[in-house]
Amino acid sequence: MKAELLWLRLLCLAWLWPVSLSNGSPLPGRRKHKDVYLGEHVKNKHGGRIDHKMKKSDSTKSLLIKSEQLLRIEDQDFAMRPGFGGTAIPVGIDVQVESIDSISEVNMDFTMTLYLRHYWKDERLAFPSSNNKSRTFDARLVKKIWVPDVFFVHSKRSFIHDTTMENIMLRVYPDGNILYSVRITVTALCSMDFSRFPLDTQNCSLELESYAYNENDLMLYWKNGNDSLRTDEILLSQFFIEEFNPSNGLAFYSSTGWYNRLYINFILRRHIFFFMLQTYFPTMLMVMLSWVSFWIDRRAVPARVSLGITTVLTMSTIITGVSASMPQVSYVKAVDIYLWASFLFVFLSVIEYAAVNYFTTIEEMKKLKRGKLPASFNATQAMAFDGCFHDDEIDLSPFPEISNPSVDQQVAHRNSADTPPTEGTRLRRRRSVRKNINFIMSNSYMIDSYSRILFPLTYLLFNIIYWSMYS
């Protein structure tokens, strides 16, 4: 019995011995599977292909550390400008204008997108290089070194583009020369003069200046002179860009001193065709439309009054629309002169008919008093119809004959030769003016006849003077 138990134990040991060897031996295949298992375990723990990404992240981190060590960033105090305590550091500026996004007359400003590039030398960032190649960095390294604090004078809003990352580039050369470039959109003030609007030309400028460093610490200058300002082909809806040119100067502040200032000057000339279609042509048509009433019968009161009121209201609407799109300035603009002069012509055409209607009424009242009107005349019905004392049976066509001036002069000369004048020249002038007024009152239709010629000629003369002055 004991022999059988001993034999059974030997069989069990013989069966378990290979299993124990396979579990404890460092076989290559088993180690490989173990690595894969660990990698999958870490992958499930971090949610990604972490072994490859960890290696890539580590290499980037080590490269950044090497770059910082190469530039000796941690060993220097970059809160101070290069060459602190010595002469002013020269900083060159180079600008490329990408676009002029908008120009607002109401707010008196413009919005511009540009590439602003700075050039200076910082020997603290010099590094040894066998191939003399530069190194390029993004915004992460810019925050750790000294850069010029250039800002835009008279700017209202500005920002650095950040899609997909901040549009900032830093390029460091082995000898310490640095190129720092940013892409900026800025909205700045432009003092506009609208005295010749819309036939005006505006001079705008974008001004750059150091905020903290005066001319003793930092000297701003255009890197390549007049070639430092470059522009793409810029097309604007209402303006034509006549000129882009850089300039420089000094700005004085009583508390901090003198500062170098750079100017980006550009001249804008307004396109007139838009305002010709929207303002000038409609105004001309309204004035010409008001002249139509001169050819309408003076007895047609509703037609002439309606036409006059319509043109006056239309001119008021045009003036209101133009004023709403302009800043509230205290001086008269060129478009205001044209609109209000045209409004005056339209208003005078209404006043002209009021005078015609009044003189016609006076004439009929005189005939009514003289008893020359027929017995069937009903003044109430005539007034209800068109506002004048007449009807179809009244014959207003025969008027007193116009006397010949030469005959009148001969008669007056004979009378003066026979009897000496008892009245002075002043009395004779009053008599002549009174006669002319009485003649016009008794012949009111002549007012329309004269207006048909006088109004167009006067308006034509006004246009000639206006366009010769402002164009």
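In segment 175-238, what percent of the accessible surface is made up of carbon and sulfur (1.4 Å probe, ligands and nucleic acids excluded)? Please list the in-between numbers first.
Values: 1210 of 2960 Å².
Answer for segment 175-238 is 41 percent, counting heavy atoms of protein chains only.
Take segment 270-349, compute every pairwise Cα distance, and split them into 10 Å bins from 0; I just need the percent in each bin.
Computed distribution, short to long bins: 17, 46, 25, 10, 2.
Pop out the ³J(HN,Hα) list for segment 141-158 in order, Karplus 6.51 cos²θ - 1.76 cosθ + 1.60 with θ = phi - 60°, rounded to Hz; leave Gly and Pro as x.
7, 4, 6, 9, 10, 8, 9, x, 9, 6, 10, 9, 6, 6, 7, 9, 9, 7
Which trypsin sites (Lys or Arg not before Pro) does segment 90-153 hold that lie in a coil by DSSP with at most 12 other beta carbons within 10 Å? Could the numbers behind the result be given before it?
Numbers: sites: ARG117, LYS121, ARG124, LYS133, ARG135, ARG140, LYS143, LYS144; in loops: LYS133, LYS143, LYS144.
Those satisfying the criteria are LYS133, LYS143.
Once the other residues with Cβ under 13 Å from the Cβ of ASN245 are scored (Lys, Arg +1; Asp, Glu -1), what is the net sum? Write down the numbers at each step before the final one.
Numbers: positive: ARG230; negative: ASP227, GLU242, GLU243.
That works out to -2.
In debye, nearest 20: dipole of segment 160-277 around its Cα centre with unit charges on the Cβ of K, R (+) and D, E (-)? Before the final figure, lay out each step's value.
Details: 8 positive and 14 negative charges, 41 e Å.
Computed about the Cα centre, the dipole is about 200 debye.
Using the basic label-point model (7 angstrom from Cα toward the beta carbon), what is the PHE151 to ILE272 distance in nanometres?
Between PHE151 and ILE272, the label points sit 4.3 nm apart.
How large is the accessible surface per residue of segment 82-180, computed with a 1.4 Å probe and reported in Å² as a whole number? It would help to have the intermediate numbers written out before the result.
Details: 4990 Å² over 99 residues.
Accessible surface, normalised per residue, equals 50 Å².
With a cut-off of at most 13 other beta carbons within 10 Å, and DSSP calling the residue loop, which GluC sites (Glu not before Pro) in segment 67-114 qualify? Please list them. Please report the intermediate quantities before stating the final value.
Values: sites: GLU68, GLU74, GLU98, GLU105; in loops: GLU74, GLU105.
Within segment 67-114, the qualifying GluC sites (Glu not before Pro) (loop, at most 13 other Cβ atoms within 10 Å) are GLU74.
Over all directions, the average projected area of the alpha-carbon convex hull for segment 216-337 comes to how many nm²?
On the way: hull surface 50.6 nm².
Taking the Cα atoms of segment 216-337, their convex hull projects to 12.7 nm² on average.
Quick one: check the C-alpha center-to-center distance for segment 120-170 versus segment 187-206, whole angstrom.
Cα centroid to Cα centroid, the span is 34 Å.
In what sequence, largest accessible area first, do HIS154, HIS118, HIS271, HIS161 appear using a 1.4 Å probe? Spell out each step's value before the answer.
Values: HIS154 105, HIS118 5, HIS271 70, HIS161 40 Å².
The ordering from most to least exposed comes out as HIS154, HIS271, HIS161, HIS118.
Determine, at each q value in 0.14, 0.16, 0.22, 0.27 (inverse angstroms), the log₁₀ of I(q)/I(0) that the Debye formula gives when each Cα of segment 81-162 is one equal point scatterer.
-0.71, -0.87, -1.28, -1.52
To two decimal places, what compactness ratio does segment 150-247 give when its Cα radius of gyration is scaled by 2.2 N^0.38 Å? The partial results should precede the final answer.
Details: Rg = 17.0 Å, N = 98, 2.2 N^0.38 = 12.6 Å.
After normalising by residue count via 2.2 N^0.38 Å, the value is 1.35.
When the accessible area of segment 239-368 is split by element with a 1.4 Å probe, what percent falls to carbon and sulfur? Walk me through the numbers before you get to the answer.
Values: 4520 of 6410 Å².
Carbon with sulfur: 70 percent of the solvent-accessible area.
How far apart, in nm, are two points set 7 Å out from the Cα along the Cα-to-Cβ line at THR185 and at MET446?
7.0
Report the accessible area of MET219, computed with a 1.4 Å probe over the heavy atoms of all protein chains in place, in Å² rounded to the nearest 10.
Approximately 90 Å² for this residue.
Can you compute the label reach from TYR115? Point 7 Å from Cα along the Cβ direction, backbone N cut-off under 15 Å, restricted to segment 148-182.
Under 15 Å, as judged by backbone N against the label point of TYR115, lie 161, 167-171, 179-182 of segment 148-182.
At 7 Å along Cα-to-Cβ for each site, give me the label-to-label distance between ASN248 and ARG230 in nm.
About 2.0 nm, to one decimal.
The values are calculated or read from the model by the stated rules, or taken from the named source; none is laboratory data. Everything quoted here is computed from the prediction, not taken from an experiment. A quick note on method: Cβ atoms are made from the backbone with ideal geometry, for glycine too, and the neighbour counts reach across all protein chains shown. Accessible surface is based on the protein model in full, side chains and every heavy atom, while ligands, DNA and RNA are left aside. Shrake-Rupley method; radii C 1.70, N 1.55, O 1.52, S 1.80 Å.
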